[in-house]
């Protein structure tokens, strides 16, 4: 484990405008991808941002690769690398990194969650920070064009006006949920969530649907959620990865956790009413994909849905030891 170390080794004092932000980055068997993300954040590092990189139980040489990189990285002194001996899932890995960041001597005012397979630009963190301060929101994510509103299948238990507002206020849009690939949280909100539920992200979800779970809990605490325009953050996303024959675990968690989260939020009567619509919608979507030559893992979807109805949670017993092929290796035409 590397410990947090001082400022920019170049000897110049960083611009403190971003010193209130600590980024949390999860690595799982893809050190080169994580290193690419850290390089894309160099402008923000120069302005004072810090980072906690969590190696989430990698079985390759990720830890050694990351340590070697940080030793020579110009801003390596602003990055802390911590290791988990096991894969805690996305939610558990995030919790580990957030707990470390909040426990620092200089606790950050804001926590940035950012996916390692994305690319940040010079404006990404400054725009998010300016927007969250100006809006008073508790959560500010990057703007995704028509994110979730026009995706298929849509979130099955939320009305569109609760999902993504068309109301644009200044340089941000009020949302019902956030896009988790690049999102800034007020640390005060995270502390409230932890105090309320014992965790920031629900570790029992393991992977997927963390955005909706955190969003709904945050809204109950009175937090506003918004998306900033002009962040220049780029992320391919992994929707197409749902139907990669080498990564059925994505489809499993998506199916299971959609049911788990919905059952928490709805009365029994309302749940079963909308579940029928949800099921028909999912099936019709998959049949439509099949007409386009896309093979969908029906058994995995059925298992995930059934486990969600039974209340099963945590890590799936078929979860792989290493990630599936990258998005470039996924057959085209699976966006829905």
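No value in this document is a laboratory result; all are computed from the given coordinates. These figures come from a predicted structure and were not determined experimentally. A quick note on method: Cβ atoms are made from the backbone with ideal geometry, for glycine too, and the neighbour counts reach across all protein chains shown.
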Worksheet entry | Full-extension gain in nm, residue 220 to residue 106, via 0.36 nm per residue minus C-alpha separation | 38.2 nm
Worksheet item: Which length gain, in nm to one decimal place, applies between residue 290 and residue 86 when the Cα-Cα distance is subtracted from 0.36 nm times their residue separation?
Response: 69.8 nm
Worksheet item: For the range 49-151, taking Cα atoms only, what is the radius of gyration to one decimal and the Dmax to the nearest whole Å?
Response: 15.5, 44
Item to complete: Would you mind telling me the antiparallel percentage of the DSSP bridges in the range 16-228, rounded to 5?
Response: 40 percent
Discussion item. Between residue 281 and residue 32, what is the label-point separation in nm under the 7 Å Cα-to-beta-carbon projection?
Written reply: 3.9 nm
Fill in: Rounded FRET efficiency, nearest 0.05, which uses the C-beta distance separating residue 272 from residue 299 and R0 of 22 Å
0.40
Fill in: Gain upon complete extension [residue 229, residue 59; 0.36 nm per residue less C-alpha separation]
57.4 nm
Item to complete: Rounded to the nearest 0.05, what FRET efficiency do residue 265 and residue 195 give with R0 = 22 Å and r taken as the Cβ-Cβ distance? Could you check?
Response: 0.60
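Give me the mean projected area, in nm² to one decimal, of the convex hull enclosing the Cα positions of the range 16-228.
Numbers: hull surface 45.9 nm².
Mean projected area of the Cα convex hull: 11.5 nm².
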Worksheet entry | C-alpha center-to-center spacing [the range 183-225, the range 70-117] in angstrom | 17 Å
